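Have a look at the structure below before the remarks.
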Amino acid sequence: MQRISFFIPLALVPLGCFGGVIGFCYNWPEDSNMFGLAVSCPSVDIDSLHMWIGSSIGLWVSIIFLTWYVLFPQWNGMERDQRLFVLPIRDNFFSSLGLLMKRKDETVETKTDRGNGDEENPFVKEIEERKKRKNTKPYVYICGTMWHETRQEMLQLLKSLFRLDFHRSKYKIAEKVFKVDVDYFEHEIHIIFDDAFETDNISRQRLPNEWVKQLVECMEEASTSVARGHLSWDSKPTKTTTPYGGRLNWTMPGGTEMTIHLKDKDKIRHKKRWSQIMYMYYLLGYKMMGINLEDSFFAKETIKRCPYRRIASILNQLPKYNVDKAHNSFILALDGDVDFKPEAVQKLIDKMKKNRKVGAVCGRIRPVGSGPIVWYQQFEYAVGHWLQKTSEHVFGCVLCCPGAFSLFRATALMDDNVMRMYTSPPSEARHFIQYEQGEDRWLCTLMLQQGWEIDYAASADAFTFAPQTFEEFFVQRRRWAPSTLANIIDLLSSWRVTTKVNDNISTLFILYQFIILSSCLLGIGTVTLLITGSFNAVLKITMFDSYVVAVTPVVLYAIICMKCSNDKQIVAARLLSAVYTLVMVIVTVGLFVNLATEKSYSPNFIFVVEIPFIFVFAGFAHPKEMMCLVHGLLYYLMVPSTFITLTVYYICNIHIVSWGTREKKTEDDNIAETESGNSTNSATPPILIKCLQNLGVLALVKERTGLIKQLLGARVEQQSDDNKTKSSILPPLGATPVPRTETRRPAVRQDPDAWQSKEYFGLKGKENIKKEETDFWNEILDKYLIPIVEDKQEKKKIQKELKSLRNNVAFGFLLVNFLFATAIFQLQNNEDQLKSFYILKEYEPLSVTFLVVFALVILLQFIGMLIHRWGTFLHLISSVRLFSKATEEEWAKQALKETENLQSADHEVDYQETISLSTISYDSRVNDFDIISDWEPVRDYPHDDEQTHTEYERNFRRRYETIRRNFGPSKKLNIESMHKHNTDINRTNLYLRTFVRKCRS
């Protein structure tokens, strides 16, 4: 592509210019007037014309000779300008020649450096460093967090992990057997299973719960689905008891190690953030660095330290070897229900390899499911990635890498104020919102404040289950939205320091985020005014009445959210959403009525035309996601529900910091509720009851009630824990009941290995944990992850602070929106008196200002999307090869395809097609192979007792050896048969290439 699109056009420009000038001067030798400019040419006759043409061709040939190396580039695609050209690139006089002549020649630079002896050449040093990094394969820790996922969600994640194992095995075998150069990554898998134990009612031991059993049972089904058939691998795990609970180890069919860490919340702190802290310290500290203590590593003697960061950083105190190792190691964060392909992970790694300053990369998350709520989210996710993610990526940094599918660089996590700050427990009410409700966004905020760049890879797709019910969707956004606001406010409040430390975040980008935040905060007032204007235009009621009708539902729902339970809030939200859907029909009619009276240059007209155009164009710019535009109609009808109902819901519920979804009450929770109920009943009786007791009325009522019950033979029965009933005397009304000791559960028996006896774990033996690892876990547990002992007084204090924060935020939020809406309403309602202050005496200034700013933000996001799509297009073009012969890349693709077929468990693989290769031979002039007669390929594998193979490698070996034994010289195949059996030819070429190479070696 570089030869055709760069070298050939630029090389033809001088020749075209010479020919044009000579032809013009030959035909119009006299002075001419062209485009108002006087053009004078020297007289040219036939004799001198040959000299001109000859000298021009000579100059052009010299240019081609000097820039001939550009035809044979040795650079990778999508390189930076600094690596390709001698700066500055632009030449004001000879732009085409400047681009050609300033193109760097890698071979010349390398030779120059070798001839300089001890002198260092930064250019070649950079090249060698890049080649070294290219030869070093990245190491990825695949880390997923699980809790109470359904069977379908577990299968979706496990299939993705088994695909990674299949992919790794395929690439390693192709590299080993077919000797092709393929780019892949090494990895190991860790799944952190939160709250995996429960107390058995009979044995009183801590045993794995039903979700752990479900996960283990899904292993066989997931492996069979990926391998396209049954595998004879050992699907039962090795069990190990650990200080935090236990873990299960599998060796997958492709040789990948997978570990399931089972957390016991009685031994280690639960919830997602603490699971992330757990695997970060374990993988980056213990496994990668091989250390137990944080501070002991820095006390060791080191040979050479590396000034890695230009700012104060803990990384500057590490040895260069450890920094390089950490820089090429990554953590892939996954949710328990995500679905992805290995190619998506490779695209995330490519982003990391392209820029060493990138600390995290997120992919394109696509929600899956069925129903209107999922359709709504599909459009919402699409627009968020089309416009918001791309604009953040182009103009600054992406602010959030979702934990569903994101890649983090180890050095970025290990940096100052990132991982260590991430371990901070919440000590204030606002910390519960920022730290616990949106841990992924907070981690990214810490990385941005430390100077790391966060990128977005649009082509790295991942699929995750989205909430399908109204309640689940609202509860999810109740967590996400306050956390998003809290982290953006945190980033804005530290903008001076962040802009100095982070080169990718500018003051203008901070201003852009401030405008986005302001538009979100004023969403209620904006939509309320939109409804007010529509009621006035369509229903022909006064502006004041329209405003009252539009504001009343907002006030009522805010009161419901402040006073009622969550179930009643959801019911009211459903009702309001249905009503608002009908209101949007009125709003649509009102928009057309207002546009009919507006001029074409009015702000309202321009805004209404701009928004649909941008959305539709963005959809066409993403052809694979164009169907999301259909769901945009549903999103449009749900605008009031989104900006009013949902906003009021999460603002009035920010004091609730529980997860809210997939929660199941445990025995401890039931006991706590029982005790809470008893304490509630034992509270001080109401004043009316006290008065009746003082007057003796209650004693009289109790005496008459007891007499009646004795006459009727009634008995008061009470249910005990062992389901036996026993009679009791009715306690006096208002008396404090004695707590029943039967409700207290017996003490849990402490047998750490009891959980290993579960049948679904199989009969495979257990492993003992190393002493060094035990010491590591004990230290980490004591320092960061020890379970929090609930202090009732502290809990009440935090709850009180959270409610106070809720009251202040809700009051301020609603007050700002009410003032904003009232101000614009008064300006519009008093149009006649304020006409002189209007813009062009037609348009109210405050609303026009808000409208113009919002329109400019949308336009800026649209421009960012275009720039990002252009970059994606260049990325695709850079990998395209035109008019080229068979290359190593094509050989690698064919080798990978063949390896995939041979290693799979599919018993319907066409063996005859492969074995029939023995009946095919090719002319050396056609296939570019010198066929050697009487040759026998060397053995590619040792005997079974000489080497241990994975399950996939055993499948490959069995079929590959069959092909090797049956391959040999025979009849020639004519050209027509070659075109007819193109697939066979590609495969045969591959085996000929492999066997002949082995024979020669």
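The values are calculated or read from the model by the stated rules, or taken from the named source; none is laboratory data. In this text the structure is predicted, and so the values were computed from the model without any measurement. Using ideal geometry, Cβ is built from the backbone for each residue, glycine included, and neighbour counts are taken over all protein chains shown. When the accessible area is computed, the model is the full protein with side chains, heavy atoms only, and any ligands, DNA or RNA have been set aside. Shrake-Rupley method; radii C 1.70, N 1.55, O 1.52, S 1.80 Å.
Would you rank His50, His190 by solvent-accessible area, highest first, keeping every protein chain in place and using a 1.4 Å probe?
Listed by decreasing accessible area, they come as His50, His190.
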(message) Going by amide H atoms built from the backbone, whose H comes under 5 Å of the H on Gly255, apart from near neighbours?
(response) Glu951
(request) Multiply the residue separation of Ser658 and Leu575 by 0.36 nm, subtract the distance between their alpha-carbon atoms, and state the gained length in nm to one decimal. (result) 27.4 nm
(message) For a quick check of understanding: with a 1.4 angstrom probe and all protein chains in place, what accessible area in square angstrom does Asp440 have, to the nearest ten?
(response) 30 Å²
(request) Obtain the nm distance between the two label points defined at Glu890 and Ile867 by a simple spin-label model: each point lies 7 Å from its Cα along the Cα-to-C-beta direction. (result) 3.8 nm
(message) Just to verify a number: what accessible area does Lys783 come out at with the full protein assembly present, 1.4 Å probe, Å² rounded to tens?
(response) 100 Å²
(message) Using only the heavy atoms of the protein chains and a 1.4 Å probe, how would Cys444, Cys564 rank by accessible area, largest first?
(response) Cys564, Cys444
(request) Return the FRET efficiency for the residue pair Val593, Leu517: r is the Cβ-Cβ distance, R0 is 45 Å, and the value is rounded to the nearest 0.05. (result) 0.85
(request) Give the peptides 829-840, 448-459 in descending order of average Cβ contacts within 10 Å, highest first. (result) 448-459, 829-840
(request) For the stretch 462-605, calculate the relative contact order in percent as a whole number, restricting contacts to Cα pairs under 8 Å that are 6 or more residues apart. (result) 21 percent
(request) Quick one: what are the phi-derived ³J(HN,Hα) couplings along the stretch 224-229, Karplus 6.51/-1.76/1.60 with θ = phi - 60°, whole Hz, x for glycine and proline? (result) 5, 5, 6, 7, 6, x
(request) Just list whichever of Lys172/Lys239; Lys354/Lys389; Lys267/Lys287; Lys170/Lys267; Lys267/Lys320; Lys159/Lys764 have alpha carbons separated by over 31 Å in the model shown. (result) Lys170/Lys267; Lys267/Lys320
(message) Using 0.36 nm times the number of residues separating Phe65 and Glu610, minus their current alpha carbon distance, what extension gain do you get?
(response) 191.0 nm
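Work out how much length Tyr321 to Gln346 would gain on full extension: take 0.36 nm times their residue separation and subtract the Cα-Cα distance, in nm to one decimal.
In short, 6.6 nm is gained.
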(request) Search the structure for amide H atoms under 5 Å from the amide H of Ile191, placed 1.01 Å from N in the peptide plane, and list their residues when 5 or more places away or on another chain. (result) Gly144, Thr259, Ile260, His261
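Mind ranking Ser493, Ser203 by accessible surface for me, highest first, 1.4 Å probe?
Working: Ser493 90, Ser203 35 Å².
So, going from the largest accessible area down, we get Ser493, Ser203.
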(message) Using each residue's phi in the stretch 472-488, evaluate 6.51 cos²θ - 1.76 cosθ + 1.60 at θ = phi - 60° and report the 3J(HN,Hα) Karplus result to the nearest Hz, with x for Gly and Pro.
(response) 4, 5, 5, 5, 4, 6, 5, 7, 5, 5, x, 5, 4, 4, 5, 6, 5
(request) Would you kindly derive the ³J(HN,Hα) couplings of the stretch 391-404 from the backbone phi angles with the Karplus curve 6.51 cos²θ - 1.76 cosθ + 1.60 (θ = phi - 60°), listing them in order in whole Hz, with x for Gly and Pro? (result) 5, 5, 5, 7, 8, x, 9, 5, 8, 8, 9, x, x, 5
(request) Can you list which of the chymotrypsin sites (Phe, Trp or Tyr not before Pro) found in the stretch 185-276 are DSSP loop residues with at most 12 other C-beta atoms within 10 Å? (result) none
(message) Once you place label points 7 Å from the Cα toward the Cβ at Leu508 and Asp200, how far apart are they in nm?
(response) 6.6 nm
(request) Would you check the accessible area of Phe607, probe 1.4 Å, heavy atoms only, in square angstrom rounded to 10? (result) 40 Å²
